[in-house]
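What follows is a single structure, written as structure tokens, with notes after it.
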Amino acid sequence: MGEDPKLHLVAWDRVCFPIQQGGLGVRHLIPFNRALLGKWLWRFGLEETHLWRRVVVAKYGVGRGGWTSNTPRGTHGCSLWKHIWMGWEDFSMHIRLEVGFGSRVSLWHDKWCSDCPLKEIFPRLYECSLNQEDSIASVIISQGMGQACVWNVTFGRDCNDWELDQMVTFLSLLHTHTPRGDDGDKLVWGPCRKGIFDSRSFYHVLHTPLEICFPWKGIWGMKSPPRFAFFMWTVAWGCILTCDNLKKKGFVLAGWCCMCKNADETVDHLLLHCWFARQLWNFVFQFVGIDWVLPLNVPNLLFGWWNWFGKRSSGVWNLIPSCLMWTIWRERNKRTFENMESCG
């Protein structure tokens, strides 16, 4: 016979949050796998002469500029590259092209002088352009050694009066991004300062949880055993197995607090507001010589508690919440499961 299934305390999505946002920093498998496969999308645009790329190109063809393959087609069989290429849409959102010679960069379709392709910034000009499919190299006229290049973008009609402002902006943008033409075109990865792809940065843009205010410093920033820190992490999420949480999971039981027997047992009541817990907190406050009003919940307590006496003098002070809450939790479990009550 197998073991009884254990209860899950915290949702897996929360576990995969960064530590600063209340998670454990565990990487979510699906976006992490896509981030790793993104390395091959990056290499496809750079390794033009490599055998593996030539095989992919022979099977699927190559897209505009040679930065990726054509869309893999077919409904039968299993294609490794087809699975990798499925991440191209997300990958392409975070790349831009650095123009050198300009032969691999499309004037209208690629991101090379702005965060969006020119056809999206100037849709009316794109509609009447005669260079819709041209590369930058084909619309640049070299004036010779040491001379600036001249743009030769042509349109099928004259501009209307209401299009003149757009045309001026368009031409100004081109002139401020005139390529030098002294090197090959380059792929640039936006999320990294150096512009070079790495899987870690791709994972972070694929898996960006909502900003959550969480007292992570009061849990992981102190020098306490990992067991204590993990306990405090589940407490801060309100997920330890108190009576109210057990009821939410379908258990039928009496819900009162076994410490005071005067109220329902919730995380905040048991660890902060129960008569038994208040005696311990008041003892600490009297010993330190301060007046403190306990907040409504544990996260607010941890926010206010952290480094109360300054960064250099709060080492022991920062440990007090975890020590007290662990003691209360152990006492509660003794009374609940062993029918034992500590003396004193």
On the basis of being of a type in the set (Asp, Glu) and out of contact with any strand residue (DSSP E or B) (no Cβ under 7 Å at 6 or more places or on another chain), does Glu127 make the cut? yes
Among residues of region 294-319 being surrounded by fewer than 17 Cβ atoms within 10 Å (Cβ to Cβ) and among the aliphatic types (A, V, I, L, M), the residue farthest from Gly238 (Cα to Cα) is Val316
So for region 181-193 (the condition being touching a strand residue (DSSP E or B) at 6+ places or on another chain (Cβ under 8 Å), more than 22 Å from Ser92 (Cα to Cα) and of a type outside the set (Lys, Arg)), does at least one residue qualify? yes
Search region 94-119 for residues being hydrophobic (A, V, I, L, M, F, W, C) and free of Cβ contacts under 8 Å to residues at least 40 places away in the same chain, and hand back the single one that is surrounded by the fewest Cβ atoms within 10 Å (Cβ to Cβ). Cys116
Any hit, region 206-217, residues being of a type in the set (Phe, Trp, Tyr), within 26 Å of Val316 (Cβ to Cβ) and not in a loop (DSSP other than H, G, I, E, B): no
What is the number of the single condition among (1) surrounded by 13 or more Cβ atoms within 10 Å (Cβ to Cβ); (2) out of contact with any helix residue (DSSP H, G or I) (no Cβ under 6 Å at 6 or more places or on another chain) that His175 does not meet? (1)
Could you give me the residue pairs with C-beta distances under 8 Å whose first residue belongs to region 7-28 and is in contact (Cβ under 8 Å) with a residue 60 or more places away in the chain and farther than 14 Å from Glu211 by Cα, whose second residue is part of a helix (DSSP H, G or I) and among the charged types (D, E, K, R) wherever it lies, and which are 6+ apart or on separate chains? His28/Asp13
Considering region 120-136, residues that are surrounded by 18 or more Cβ atoms within 10 Å (Cβ to Cβ) and touching a residue at least 40 places away in the same chain (Cβ under 8 Å), and then whichever is nearest to the chain's Cα centre (by Cα), we arrive at Phe122
Expected single match for closer than 22 Å to Leu24 by Cα and either more than 38 Å from the chain's Cα centre (by Cα) or of a type in the set (Lys, Arg) (or both) among Lys217, Lys249, Lys261 is Lys217
Which numbered condition trips up Gln286, out of (1) surrounded by fewer than 17 Cβ atoms within 10 Å (Cβ to Cβ); (2) at pLDDT 90 or above; (3) under 24 Å from Lys6 (Cα atoms)? (3)
Can you pull out every residue in region 297-319 that is aliphatic (A, V, I, L, M) and farther than 18 Å from His269 by Cα? Val316, Leu319
Considering only region 248-271, I want to know if a residue exists there that is touching a helix residue (DSSP H, G or I) at 6+ places or on another chain (Cβ under 7 Å), closer than 24 Å to Ser314 by Cβ and not acidic (Asp, Glu). yes
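Per-residue answers, yes or no, for (1) touching a Pro at 6+ places or on another chain (Cβ under 9 Å); (2) modelled with pLDDT under 95; (3) among the basic types (Lys, Arg); (4) surrounded by 11 or more Cβ atoms within 10 Å (Cβ to Cβ):
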residue	(1), (2), (3), (4)
Leu272	yes, no, no, yes
Phe276	no, yes, no, yes
Trp292	no, yes, no, yes
Met325	no, no, no, yes
Cys343	no, yes, no, no
Of all residues being of a type in the set (D, E, K, R) and part of a helix (DSSP H, G or I) in region 160-197, which is farthest from Tyr126 (Cα to Cα)? Just the residue, please. Asp161
Go through Ile141, Ile196, Ile136 for me and flag whichever is at pLDDT 95 or above and aliphatic (A, V, I, L, M). Ile196
Under 6 Å by Cβ, and 6 or more places apart or on different chains, what pairs join a residue from region 315-344 that is hydroxyl-bearing (Ser, Thr, Tyr) with one that is part of a helix (DSSP H, G or I)? Ser322/Phe228; Ser322/Met232; Ser342/Glu331
Quick check: anything in region 93-113 outside any loop (DSSP other than H, G, I, E, B) and more than 29 Å from the chain's Cα centre (by Cα)? yes
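A quick yes/no check of all residues on (1) in a loop (DSSP other than H, G, I, E, B); (2) surrounded by 13 or more Cβ atoms within 10 Å (Cβ to Cβ):
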residue	(1), (2)
Arg14	no, yes
Gly23	yes, yes
Trp40	no, yes
Trp52	no, no
Val56	no, yes
Thr71	yes, no
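The values are calculated or read from the model by the stated rules, or taken from the named source; none is laboratory data. Worth saying up front: this structure is predicted, and the values here are computed from it rather than measured. Methodologically, a virtual Cβ is constructed for each residue, glycine included, from the backbone with ideal geometry; neighbour enumeration extends over all protein chains shown.
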